[in-house]
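Asker: Can you keep this structure in mind? I'll have questions shortly.
The values are calculated or read from the model by the stated rules, or taken from the named source; none is laboratory data. Here the structure is a predicted model, which means the values were calculated and not measured. Virtual Cβ from ideal backbone geometry, glycine too; neighbours counted across all protein chains shown.
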Amino acid sequence: MTKLAVIAVGGNSLILDDKHVTVESQYQAARQTCLHIADMIEQGWDVAIGHGNGPQVGFILRRSEIAAKTAGMHEVPLDVCGADSQGAIGYAIQQNLQNILYQRGVKKKVVTVITQTLVDKNDPAFSKPAKPIGGFMEQEEAERRHQEQGWTVVEDAGRGWRRVVASPLPKQIVELETVETLLEKGIITITVGGGGIPVIDPGDGNYEGIAAVIDKDYASSLLARNIKADLFVISTAVEKVAINFGKPDQKWLDKLTLAEAKAYLAEGTHFAKGSMAPKIQAIVWYLEAMPNGKALITNPENIGRALKGETGTWIVP
């Protein structure tokens, strides 16, 4: 019986360092991740792939800002930046993975679905936006943007002013039925890129894009629950999860139960809010809904070894 996995790939994993930020460099980085995903597919897994897009959306926004200031071009709205990044990152993963599978004689198709994620327009996050996006501004411009465009702006540690947006929880994957149909046919599907393009229902049943940022691990967790994935993999920068990270009593974890993961989260000191905490929370939600599921956190190059039980951090019910 075919096994089904959701793999969440970090947007930062496509950028090795400050010297490798070009489109070509990101393409090559995507290839390295795809090599390890292809290993999974060869082992009999069907996979849905989610990915982050933080740095890439930042680049798109910055280009838009520069073009607007220097050439009078229109600026690109944040939801459209998300769509742009889904297409570009999806293309890099899709082509790399398709080529690798072809070279290995694996007859599998790969497709990218531009995916919208419905959020609650009354989510508390909208009342306290905190996610900085775009470049720095002088105070005068920031105040003008606030007055004319309704932006929420904050002063950023003496470096200038920046726009901040909300990070609401994902409630529904709009293209879920399409994704399910593709997976049922054995097609490797790239979806919920960057957490999905945030949309709201203004009250009439239509969808409307909104300026927000959705956590890609939360969206991938929602996807894993909806499609009843057997395995949820979060591919990140570290080989294993640690408690007391960076402290003298740091301890790397090979395995965690759901109860242990929830306890560490509740303590609030082990996992950083901007990095590991949302990954653990995403897995908690997945395992609460999937009592027979398993979750894995490791870096891309160790996915194959981790699936054999040689490394990585496993979280189990």
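Asker: So which residues in region 245-263 are in a helix (DSSP H, G or I) and among the charged types (D, E, K, R), if there are any at all?
Answerer: Just the residues of region 245-263 that are in a helix (DSSP H, G or I), to begin with: 258-263.
Residues satisfying the conditions are E260, K262.
Asker: From I100, I114, which residue is of a type in the set (V, I, T), assigned to a loop (DSSP other than H, G, I, E, B) and surrounded by fewer than 23 Cβ atoms within 10 Å (Cβ to Cβ)? Please lay out each step first, then the result.
Answerer: Numbers: I100 fails: assigned to a loop (DSSP other than H, G, I, E, B).
Among I100, I114, only I114 is of a type in the set (V, I, T), assigned to a loop (DSSP other than H, G, I, E, B) and surrounded by fewer than 23 Cβ atoms within 10 Å (Cβ to Cβ).
Asker: Let me ask another. Mind listing just one residue for me: the one in region 213-245 that is surrounded by fewer than 21 Cβ atoms within 10 Å (Cβ to Cβ) and small (G, A, S) and, of those, nearest to L4 (Cα to Cα)?
Answerer: The residue in question is A237.
Asker: In the set A277, A242, A266, A295, which member is outside any loop (DSSP other than H, G, I, E, B), out of contact with any Gly (no Cβ under 7 Å at 6 or more places or on another chain), modelled with pLDDT of 95 or more and of a type outside the set (K, R)?
Answerer: Details: A277 fails: modelled with pLDDT of 95 or more; A242 fails: modelled with pLDDT of 95 or more; A266 fails: modelled with pLDDT of 95 or more.
Of A277, A242, A266, A295, the one residue that is outside any loop (DSSP other than H, G, I, E, B), out of contact with any Gly (no Cβ under 7 Å at 6 or more places or on another chain), modelled with pLDDT of 95 or more and of a type outside the set (K, R) is A295.
Asker: Quick one: in region 53-67, of everything that is part of a helix (DSSP H, G or I) and in contact (Cβ under 8 Å) with a residue 40 or more places away in the chain, which residue is surrounded by the fewest Cβ atoms within 10 Å (Cβ to Cβ)? Even if it seems obvious, please write down each step before you answer.
Answerer: Kept after step one, since they are part of a helix (DSSP H, G or I), are these residues of region 53-67: 54-67.
With the extra rule that they be in contact (Cβ under 8 Å) with a residue 40 or more places away in the chain, the set shrinks to 54-58, 61-62, 65.
On the way: G54: 17, P55: 16, Q56: 27, V57: 23, G58: 17, L61: 20, R62: 12, E65: 16.
So, considering only residues that are part of a helix (DSSP H, G or I) and in contact (Cβ under 8 Å) with a residue 40 or more places away in the chain, the one surrounded by the fewest Cβ atoms within 10 Å (Cβ to Cβ) is R62.
Asker: Hey, another quick one. If I ask for residues that are among the acidic types (D, E), touching a residue at least 60 places away in the same chain (Cβ under 8 Å) and not in a helix (DSSP H, G or I), which ones from region 1-49 would you list?
Answerer: Keep residues of region 1-49 that are among the acidic types (D, E), which gives 17-18, 24, 39, 42, 46.
The next check asks that each one be touching a residue at least 60 places away in the same chain (Cβ under 8 Å); those that pass are 39, 42, 46.
D46, the sole residue that qualifies.
Asker: Quick check on I133: is it outside any loop (DSSP other than H, G, I, E, B), under 19 Å from the mean Cα position of the chain (by Cα) and either of a type outside the set (G, A, S) or within 30 Å of G44 (Cα to Cα) (or both)?
Answerer: On the way: outside any loop (DSSP other than H, G, I, E, B): yes; under 19 Å from the mean Cα position of the chain (by Cα): yes; either of a type outside the set (G, A, S) or within 30 Å of G44 (Cα to Cα) (or both): yes.
Judged against the criteria, I133 is a match.
Asker: Every residue in region 204-231 that is part of a loop (DSSP other than H, G, I, E, B) and in contact (Cβ under 8 Å) with a residue 12 or more places away in the chain, please. Please lay out each step first, then the result.
Answerer: Just the residues of region 204-231 that are part of a loop (DSSP other than H, G, I, E, B), to begin with: 204-207, 210-211, 213-215, 227-230.
Matches in region 204-231: Y207, I210, A211, V213, I214, D215, I227, K228, A229, D230.
Asker: Taking L176 as meeting all but one of (1) within 20 Å of I60 (Cα to Cα); (2) in contact (Cβ under 8 Å) with a residue 12 or more places away in the chain, write down the number of the exception.
Answerer: Of the numbered conditions (1) within 20 Å of I60 (Cα to Cα); (2) in contact (Cβ under 8 Å) with a residue 12 or more places away in the chain, the odd one out for L176 is (1).
Asker: Got at least one residue in region 217-225 being more than 29 Å from A68 (Cβ to Cβ) and of a type in the set (S, T, N, Q)? Spell out how you get there, then give the answer.
Answerer: Taking region 217-225 and keeping what is more than 29 Å from A68 (Cβ to Cβ), we get 217-225.
Those still in the list that are of a type in the set (S, T, N, Q) too: 220-221.
Yes; the residues of region 217-225 include at least one that is more than 29 Å from A68 (Cβ to Cβ) and of a type in the set (S, T, N, Q).
Asker: Please go through region 179-196 and pick out each residue that is surrounded by 15 or more Cβ atoms within 10 Å (Cβ to Cβ) and closer than 21 Å to Y286 by Cα. Before you say what the answer is, go through the steps one by one.
Answerer: Here is the first cut: in region 179-196, the ones surrounded by 15 or more Cβ atoms within 10 Å (Cβ to Cβ) are 179-180, 182-183, 187-196.
V179, E180, L183, I188, T189, I190, T191, V192, G193, G194, G195, G196 - these are the residues of region 179-196 that are surrounded by 15 or more Cβ atoms within 10 Å (Cβ to Cβ) and closer than 21 Å to Y286 by Cα.
Asker: While we're here: Any residue in region 68-97 that's without any contact (Cβ under 8 Å) to a residue 12 or more places away in the chain and surrounded by 15 or more Cβ atoms within 10 Å (Cβ to Cβ): show its pairings with residues that are in a helix (DSSP H, G or I) and not hydrophobic (A, V, I, L, M, F, W, C) at Cβ separation under 7 Å, as long as the two are six or more apart or on different chains.
Answerer: Matching pairs, first to second residue: E75/S64; E75/E65.
Listed here are the residues, each with its yes/no results for (1) surrounded by 16 or more Cβ atoms within 10 Å (Cβ to Cβ); (2) at pLDDT below 95; (3) not basic (K, R).
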{"position": "T2", "(1), (2), (3)": "no, yes, yes"}
{"position": "A8", "(1), (2), (3)": "yes, no, yes"}
{"position": "S13", "(1), (2), (3)": "yes, yes, yes"}
{"position": "Y27", "(1), (2), (3)": "yes, no, yes"}
{"position": "A38", "(1), (2), (3)": "yes, no, yes"}
{"position": "G44", "(1), (2), (3)": "no, yes, yes"}
{"position": "V47", "(1), (2), (3)": "yes, no, yes"}
{"position": "H51", "(1), (2), (3)": "yes, no, yes"}
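Asker: Scanning region 298-317 for residues that are assigned to a helix (DSSP H, G or I) and of a type in the set (D, E, K, R), which turns out nearest to the chain's Cα centre (by Cα)? First the steps, then the outcome.
Answerer: If we filter region 298-317 for residues that are assigned to a helix (DSSP H, G or I), which is where we start, we get 300-307.
Within this subset, residues satisfying the condition of being of a type in the set (D, E, K, R) are 301, 305.
Values: E301: 18, R305: 23 Å.
Applying the filter and picking the extreme gives E301.
Asker: Being charged (D, E, K, R) and either touching a Pro at 6+ places or on another chain (Cβ under 6 Å) or surrounded by 15 or more Cβ atoms within 10 Å (Cβ to Cβ) (or both) is the filter here, so list the residues in region 302-317 that pass it. Spell out the reasoning first.
Answerer: Of the residues in region 302-317, the ones charged (D, E, K, R) are 305, 308, 310.
Passing the criteria: only R305.
Asker: For region 280-290, how many residues meet the condition of being surrounded by fewer than 21 Cβ atoms within 10 Å (Cβ to Cβ) and either closer than 24 Å to K247 by Cα or modelled with pLDDT under 95 (or both)? Show your work before the answer.
Answerer: Of the residues in region 280-290, the ones surrounded by fewer than 21 Cβ atoms within 10 Å (Cβ to Cβ) are 281, 284-285, 288-290.
From the residues that got through so far, the ones that are either closer than 24 Å to K247 by Cα or modelled with pLDDT under 95 (or both) too are 281.
Residues meeting the conditions: 1.
Asker: Oh, and also: Among the residues of region 149-189, which ones are part of a loop (DSSP other than H, G, I, E, B) and small (G, A, S)?
Answerer: In the first step, residues of region 149-189 are kept if they are part of a loop (DSSP other than H, G, I, E, B); the result is 150-151, 156-160, 167-169, 174-175, 185-187.
G150, A157, G158, G160, S167, G186, listed by residue number.
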